[in-house]
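Peer 1: Sharing a structure here in structure tokens format.
The values are calculated or read from the model by the stated rules, or taken from the named source; none is laboratory data. Note that this is a predicted model, so its numbers are computed, not measured. Heads up, the Cβs are rebuilt from the backbone with ideal geometry, glycines too, and the neighbour counts pull from every protein chain shown.
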Amino acid sequence: QVQFVDSGGGLVQPGGSLRLSCAASGSIFSIYAMAWYRQAPGKQRELVAVVTNGGTTSYIDSVKDRFTISRDNAKNTVSLEMNSLKPEDTAVYYCNVAPPQQESWGQGTQVTVSS
């Protein structure tokens with residue numbers, strides 16, 4: 001079982017940028033595909049971006065060309081660089097493996113995009 005601590009969220013104006021980070025515990029981090037998920041108020045949690053253990057990335061359409069997911073297997077971390085943020089990106093963001101382990105959800109980090 002891997003545990004995650006998410007950080008880096010905050011309040012940002014539309015068009016701004018944030019970088020989220022996730023620290024993972026567990027010596028087998030490198031074998032998993034990793035992902036960022038988000039949950040907006042009143043909505044279900046959704047997958048945002050995935051990076052495989054080989055470094056291949058994929059994104060949902062709404063964040064393509066704006067978000068970049070990356071991982072550092074030596075440091076057991078995964079990051080999400082978010083640019084050109086929009087109000088609809090407002091949500092609590094979580095990292096987890098892909099597909100997610102229910103027992104591994106962290107506390108998430110709040111991202112609010114508002115003027």
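Peer 1: How do the pairs read when you match residues in segment 66-87 that are in a loop (DSSP other than H, G, I, E, B) with residues anywhere that are modelled with pLDDT under 95, using Cβ under 7 Å and keeping only pairs 6 or more apart or on different chains?
Peer 2: Pairs found: Asn73/Phe29; Asn73/Ser30; Asn76/Ala23; Asn76/Ala24; Asn76/Phe29.
Peer 1: Quick one: how many residues across segment 11-62 are in a helix (DSSP H, G or I) and modelled with pLDDT of 95 or more?
Peer 2: 2
Peer 1: Where residues in segment 16-47 are within 16 Å of Asn96 (Cα to Cα) and hydroxyl-bearing (Ser, Thr, Tyr), which of them is surrounded by the fewest Cβ atoms within 10 Å (Cβ to Cβ)?
Peer 2: Looking only at segment 16-47, we keep the residues that are within 16 Å of Asn96 (Cα to Cα), and these are 20-39, 44-47.
With the extra rule that they be hydroxyl-bearing (Ser, Thr, Tyr), the set shrinks to 21, 25, 27, 30, 32, 37.
Values: Ser21: 17, Ser25: 12, Ser27: 8, Ser30: 14, Tyr32: 22, Tyr37: 20.
Selected residue: Ser27.
Peer 1: Looking only at residues in segment 100-115 that are touching a Leu at 6+ places or on another chain (Cβ under 9 Å) and either acidic (Asp, Glu) or assigned to a loop (DSSP other than H, G, I, E, B) (or both), which one is nearest to Gly9 (Cα to Cα)?
Peer 2: Applying the filter and picking the extreme gives Ser114.
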